[in-house]
Structures are given as structure tokens and as C-alpha cells.
Amino acid sequence: MISSLPININDLLLFHGVESARTEFKQSWDEKTTGVQILKTICAFANDFYNVNGGYIIIGVAETEGATILPPLGLSMEELNIAQKWIRGNCKRLEPKVQLRLSPEVVDGQHILVVWIPGSDARPHQAPSGKNQQRAYYIREGSETIEAKGQFLTELLNLCAKIPFDDRRASQFTLNDLRSILVREFLSEVDSGLLEEKNDYKIYRHLWITAKTNGHEVPKNVALLFFTDDPEIAFRGARIEVVYFPEDSSGNLLQEWIFKGPLPKQIKDCINHLEHFSTTFIQKQDDHYKANRWVTFPLPALKESIVNAVYHRSYEGVLEPTKVYIYPDRIEITSYPGPVPGLTKNHFEHQKVPAVPARNRRIGEMLKELKLAEARGTGIHKIYKAMLTNGSPPPHYDFDEERTYFTVILPAHPAITF
């Protein structure tokens with residue numbers, strides 16, 4: 001039996017590459033209790049309030065205090081079949097219709113059922129509330145499914161028909177524009193069971209990187225960004241440019257490198273290149289056996305900043321590339337445009353970035369599955385921690401009132417000059 005999941009089942013159970021907020025665990029199946037709850041959660045994941053591309057419901061696995069209990073309790077074959085039939089039938093009670101995928105899995109010899117619900121193109125959805133045949137809107141807030149009321153409901157309704165750009169159809173392209181070898185390399189890297197599928201087009205459908213339009217199937221924008229040799233054919237500016245100023249910003253001598261290709265390749269190649277600008281220094285201590293060590297720029301801070309720039313920038317009509325400028329005393333990483341509404345400079349400076357809808361939902365999801373991106377809301381803290389541990393000044397974040405750009409500045413270690 002071939003898995004229908006884009007992620008390895010063990011990674012899903014252990015929250016590797018997917019946040020706990022995007023998972024819901026049910027230790028057993030009972031249509032009168034579990035079933036009603038599952039319909040609400042399916043509705044919430046489909047509404048995708050924060051643009052993280054839905055989530056997963058895992059039936060047959062218990063959870064306590066944010067950790068799964070393994071080996072799983074599992075489901076009998078009869079329960080597995082009944083659950084699948086009930087979910088398929090009762091999803092018709094959701095309005096409008098929700099797309100989902102059921103994937104029976106075997107973990108430690110036990111049968112479990114994974115329900116994968118991607119972010120919907122037809123949101124907002126309603127589910128039966130269980131009160132006098134009434135319906136209600138549901139969203140995910142943290143790891144909980146809640147009814148959308150008040151400001152939450154207003155904001156959800158404002159998302160109506162708003163599909164993030166990376167999840168939209170690229171109608172001017174065909175499936176022949178995708179490189180199946182790149183798709184299979186992705187599946188291999190995330191250790192997905194989908195790799196066993198021989199039909200490339202079936203894999204595309206299982207990954208939800210294609211969609212039907214006017215009677216035929218076309219790739220989505222995220223597919224062109226991840227699975228073509230040159231995304232700039234579709235999106236000008238979808239590259240990373242690195243410029244090294246050996247003297248200062250006004251110097252005439254500079255070096256330039258351009259990183260192209262699928263987004264994961266751009267990120268990896270750029271990070272590997274930046275390692276050359278981060279020298280390790282060792283200072284011996286006369287009164288202590290342990291030497292002090294530091295680097296010019298801590299790699300975790302560099303990596304996280306590059307990933308964030310590629311993840312959170314826009315690819316819709318933005319001609320400017322992601323830019324990395326290296327000076328003797330700092331590295332500046334700039335992406336376009338600025339942060340989404342709801343974020344202020346104080347949020348970044350105080351490491352308290354609130355949960356707001358992301359600009360790209362599929363890019364972030366796939367970068368996390370590749371272990372390139374951090375869990376939602378943790379990246380800024382990781383950058384600060386890396387700089388502090390290295391003895392470097394804290395990072396600085398900058399953007400203008402019009403939010404036309406976003407820059408993170410990583411100062412070099414104070415004891416270093418190029």
C-alpha cells in the first residue's frame with residue numbers, strides 16, 4: 001500500500017517538519033464523539049486562517065502534553081474501514097465542499113488513519129455545530145479548533161476567495177514544464193512513501209501541486225518555484241544575489257555571486273557560500289584551560305535569515321531578487337516587499353512576533369518538510385540566540401512605512417574585521 005502523504009509518517013508523529021498546531025490526534029474512533037470533533041477540525045484546517053496550508057488529523061494515536069504516545073494504540077481493520085467511510089460520507093455536510101486525502105498507515109505494526117486537509121481555495125467553510133442543525137465557522141488557534149467569532153470571524157470572512165499567490169494556478173504553463181526528477185528528489189529527501197508511486201502525474205496530484213482549470217491540469221506556482229530548473233522563467237526576481245564589499249559601501253571593488261534554480265537549491269547554495277565569510281577564531285586563556293571560540297557570523301543566524309527572506313518575500317510581480325550584502329562589519333539580507341500587515345519593528349526587536357496570516361503557505365510548508373525552515377514563530381528567537389551565544393551584537397530589523405522592503409542586519413563579532 002502506497003502512502004498518500006507528502007511527509008514521512010514518523011516525522012509527522014514526532015513533529016519533524018510539521019508543527020504541532022497543524023496536527024490533531026485522536027486515540028480511537030467513535031462516530032458520535034470523534035466524528036463530530038473531526039468534522040469541525042477538517043473545517044478549521046481547510047479555512048487555513050494563518051495560511052500554513054491546513055493540517056493533519058491522526059486517528060489511532062494518543063497524545064499527552066504535546067507529545068505522541070508511541071507505539072500507537074491503532075485501529076482494527078473494521079474500525080479503519082468504518083472511519084474512512086464515515087469521514088467520506090459526512091464531509092458532504094461541510095459547506096462548501098472540502099478537499100482532503102485519507103491515508104491508512106502502519107506504524108509499529110498498528111493500523112492508523114491520517115486525514116490530510118490542505119488549505120482550501122474555496123474558504124471560508126462551515127461545519128455542523130451540533131446545536132439544532134446549525135452551522136458555524138471553525139479555525140485553528142494554536143493547537144485547538146475553535147469557533148470563529150468576533151474579530152476572528154471578520155478576518156476569516158475577509159479571506160474569502162483569497163488564495164495565497166504560491167498556491168494559485170499557473171495557467172500559462174503545463175505539467176511538462178515540471179521536472180519529475182526534482183519532485184522525486186524532494187520526496188526522497190523528506191522520506192515520503194509517495195516515492196513508491198510510478199506515475200509522475202499521480203504524485204503531482206497527491207502533493208497538490210497541480211490543479212484543474214478549463215478541463216485540463218496545470219501546475220501551481222509553488223510547483224514552478226520548487227520543481228523547475230529556473231523559476232525565473234515564471235517569476236522574475238526569484239533568485240538570490242550576494243555582493244561582497246571588501247572595503248565599505250562606497251568602495252569600487254566588489255564581488256558578486258548569483259544563486260538560481262529551485263528555491264531549496266538557492267538556499268543551500270547560498271548558505272554554503274556564506275560559510276566562507278564566517279571564520280572561526282580561538283583565543284587561549286592564561287588562567288583557564290578552555291579557550292574562547294567565536295565566528296564572524298554564526299551559521300544558524302545566517303541560515304535562518306536566508307530561509308526567512310526566501311520564504312516570506314513575494315513572488316507576485318516583484319522584479320527584485322533577494323539580496324545579501326556583505327560588509328566588513330555586517331551582513332545585510334533584504335527581501336521584497338516588507339512584512340505583512342500586523343507586524344511592527346517592536347515585534348522583531350522584542351522577539352515577540354504575533355501569529356498573523358503568512359504571505360506564502362506552500363513555500364513555508366515544503367521548506368519545513370525539508371528541515372530548512374523552523375516552526376512558525378521560532379526563527380527570530382533562534383537568530384537572536386545564535387548571535388548572543390557567539391558574543392555578537394543582536395540582529396537589527398528594518399523596513400519602511402510603506403513596507404516596500406525588509407532587511408535583517410547581522411553585525412560581525414566585535415573582535416573581528418575583514
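The values are calculated or read from the model by the stated rules, or taken from the named source; none is laboratory data. This is a predicted model, so every value here is computed, not measured. Note that we place each Cβ from the backbone using ideal geometry, even for glycine, and neighbour counts take in every protein chain shown.
Values for this structure:
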| item | result |
| --- | --- |
| Residue pairs meeting the criteria (Cβ under 6 Å; at least 6 apart or on separate chains; first assigned by TED's automatic domain parsing to the domain that holds Gly130, in region 85-105; second acidic (Asp, Glu) and surrounded by fewer than 16 Cβ atoms within 10 Å (Cβ to Cβ)) | Trp86/Glu31 |
| Sole residue being within 17 Å of His312 (Cα to Cα) and either small (Gly, Ala, Ser) or out of contact with any strand residue (DSSP E or B) (no Cβ under 6 Å at 6 or more places or on another chain) (or both), chosen from Met366, Met387 | Met366 |
| Looking only at region 1-34, and only at residues there that are free of Cβ contacts under 8 Å to residues at least 24 places away in the same chain and of a type in the set (D, E, K, R), the one that is farthest from Gly66 (Cα to Cα) | Lys32 |
| Options Ala223, Ala238: the member that is touching a Pro at 6+ places or on another chain (Cβ under 9 Å), within 29 Å of Ile333 (Cα to Cα) and of a type in the set (Gly, Ala, Ser) | Ala238 |
| Qualifying residue in region 207-216 (condition: within 18 Å of Gly54 (Cα to Cα), touching a helix residue (DSSP H, G or I) at 6+ places or on another chain (Cβ under 6 Å) and in contact (Cβ under 8 Å) with a residue 12 or more places away in the chain) | yes |
| Any hit, region 358-371, residues being in a loop (DSSP other than H, G, I, E, B), modelled with pLDDT under 95 and surrounded by fewer than 17 Cβ atoms within 10 Å (Cβ to Cβ) | yes |
| Yes/no for Gly142 being assigned by TED's automatic domain parsing to the domain that holds Thr41, among the small types (Gly, Ala, Ser), surrounded by 13 or more Cβ atoms within 10 Å (Cβ to Cβ) and closer than 23 Å to Gly17 by Cβ | no |
| Members of region 37-91 found to be assigned to a strand (DSSP E or B) and within 30 Å of Gly377 (Cβ to Cβ), listed by number | Gly55, Tyr56, Ile57, Ile58, Ile59, Ala62, Glu63, Thr64, Ala67, Thr68, Ile69 |
| Pairs where the first residue, in region 319-344, is in the same structural domain as Pro393 (by TED's automatic domain parsing) and basic (Lys, Arg) and the second is assigned to a strand (DSSP E or B) and modelled with pLDDT of 95 or more, C-beta under 6 Å, 6+ apart | Lys323/Glu241; Lys323/Thr334; Arg330/Ile409; Arg330/Pro411 |
| Residue satisfying all of: in region 372-406; closer than 30 Å to Trp208 by Cα and in a loop (DSSP other than H, G, I, E, B); modelled with the lowest pLDDT among these | Ala375 |
| Selected residue [in contact with a Gly (Cβ under 7 Å, 6 or more places away or on another chain) and either at pLDDT below 95 or farther than 16 Å from Ile380 by Cα (or both)] from Pro341, Pro337, Pro328, Pro321 | Pro321 |
| Search result, residues across region 24-36 that are in a strand (DSSP E or B) and surrounded by fewer than 23 Cβ atoms within 10 Å (Cβ to Cβ) | Phe25 |
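Residues checked against (1) buried (at least 17 other Cβ atoms within 10 Å of the Cβ); (2) among the charged types (D, E, K, R); (3) in contact with a Lys or Arg (Cβ under 7 Å, 6 or more places away or on another chain); (4) at pLDDT 95 or above:
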{"position": "Ala67", "(1), (2), (3), (4)": "no, no, no, no"}
{"position": "Ala83", "(1), (2), (3), (4)": "yes, no, no, yes"}
{"position": "Arg88", "(1), (2), (3), (4)": "no, yes, no, yes"}
{"position": "Ser103", "(1), (2), (3), (4)": "yes, no, no, yes"}
{"position": "Pro118", "(1), (2), (3), (4)": "yes, no, no, yes"}
{"position": "Pro124", "(1), (2), (3), (4)": "yes, no, no, yes"}
{"position": "Pro128", "(1), (2), (3), (4)": "yes, no, yes, no"}
{"position": "Tyr137", "(1), (2), (3), (4)": "yes, no, no, yes"}
{"position": "Gly150", "(1), (2), (3), (4)": "no, no, no, yes"}
